[in-house]
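Undergrad: For reference, the structure I am asking about is given below.
The values are calculated or read from the model by the stated rules, or taken from the named source; none is laboratory data. Just so it is clear, the model here is predicted, and its values are computed rather than measured. Heads up, the Cβs are rebuilt from the backbone with ideal geometry, glycines too, and the neighbour counts pull from every protein chain shown.
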Amino acid sequence: MPMSQEKPPMARRFRGYLPVIVDVETAGFEPEKHALLEIAAVIPEMDAQGFLRIAEVHSAHVQPFPGAELDPAALEFTGIDPHHPLRIALDEKEALLKIFHPVRAAVKKQGCTRAILVGHNPSFDLAFVKAAAQRAGLKRNPFHPFSTFDTATLGGLVYGQTVLARAAKAASIEWDNREAHSARYDAEKTAELFCTIVNTWERLKRNDGAAPHSPDAQEATETEQG
């Protein structure tokens, strides 16, 4: 039996990486200057048929770090009031640990070696996560330091739509503009979009045979050549 067949399905599907969908809401565009205000992470799992589905959702409101800048235009866009008396927010370290701990547990449970951040234009989310982790002194970041999966790219490829709301609607995913720009809501919708695209590709593979660059097809080719 090939070695890859001994690994759990999720580990085989993404070369040992566990895709974790992340969204952040911030008080600007510069991760070293502007505050991280909300963070959410959606952890998927693979069902018995080999299709992705949402397994866990974790989120936190985040207190602006000391000296953080708050861009009024960004706050108006997200609708977040960082100083609202009913906003139960954690400091950056507590908020990140609330995300990192279950992500690390899922990586281990699903037989993967590391998490890879999935997001809509994910370089933005990853930059804020890395900057916050550095400020908090957290050296054990479960996410790959630079590789990501981008649902804006995938949405453009599959549906011809790069805006999250439009890509979601094209994928027949319900979308509520009143809930948008909440990290938890956007992360859940991004996760639905990612799972839909991956599962659609999986169905196409099964209908048409293994895709040329899929792990199964590569393994079959190597077996034939060997």
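Undergrad: With respect to His101, determine if the residue is surrounded by fewer than 16 Cβ atoms within 10 Å (Cβ to Cβ), under 19 Å from the mean Cα position of the chain (by Cα) and not in a strand (DSSP E or B).
TA: Yes: the conditions hold for His101.
Undergrad: Sort through Ile39, Ile21, Ile54, Ile43 and tell me the only one that's of a type in the set (A, V, I, L, M, F, W, C), within 19 Å of Lys139 (Cβ to Cβ) and either at pLDDT 95 or above or surrounded by fewer than 17 Cβ atoms within 10 Å (Cβ to Cβ) (or both).
TA: Exactly one residue qualifies, and that residue is Ile39.
Undergrad: Could you tell me how many of the residues in segment 104-118 are buried (at least 21 other Cβ atoms within 10 Å of the Cβ) and of a type in the set (D, E, K, R)?
TA: 0
Undergrad: So which residues in segment 58-94 are out of contact with any helix residue (DSSP H, G or I) (no Cβ under 8 Å at 6 or more places or on another chain) and closer than 29 Å to Ala11 by Cα, if there are any at all?
TA: Glu94, the sole residue that qualifies.
Undergrad: Could you list all residues from segment 58-94 that are among the small types (Gly, Ala, Ser), surrounded by fewer than 15 Cβ atoms within 10 Å (Cβ to Cβ) and in a loop (DSSP other than H, G, I, E, B)?
TA: Gly67, Gly79
Undergrad: May I pose another question? Would you confirm whether or not segment 154-174 contains a residue that is touching a Phe, Trp or Tyr at 6+ places or on another chain (Cβ under 9 Å), crowded, with 21+ Cβ neighbours inside 10 Å, within 20 Å of Ala11 (Cα to Cα) and modelled with pLDDT of 95 or more?
TA: no
Undergrad: When you scan segment 47-75, how many residues do you find that are touching a residue at least 60 places away in the same chain (Cβ under 8 Å) and in contact with a strand residue (DSSP E or B) (Cβ under 9 Å, 6 or more places away or on another chain)?
TA: Total satisfying the criteria: 7.
Undergrad: Something else about it: Could you please tell me which pairs satisfy a Cβ distance under 9 Å, a separation of 6+ or placement on different chains, a first residue in segment 156-172 that is among the hydrophobic types (A, V, I, L, M, F, W, C), and a second residue that is in a helix (DSSP H, G or I) and surrounded by fewer than 17 Cβ atoms within 10 Å (Cβ to Cβ)?
TA: Short answer, once both residue conditions are applied: Val158/Ala170; Val158/Thr200; Val158/Trp201; Ala167/Gly156; Ala171/Thr200.
Undergrad: Mind listing whichever residues of segment 108-125 are more than 23 Å from Lys189 (Cβ to Cβ) and in a helix (DSSP H, G or I)?
TA: Matches in segment 108-125: Lys108, Lys109.
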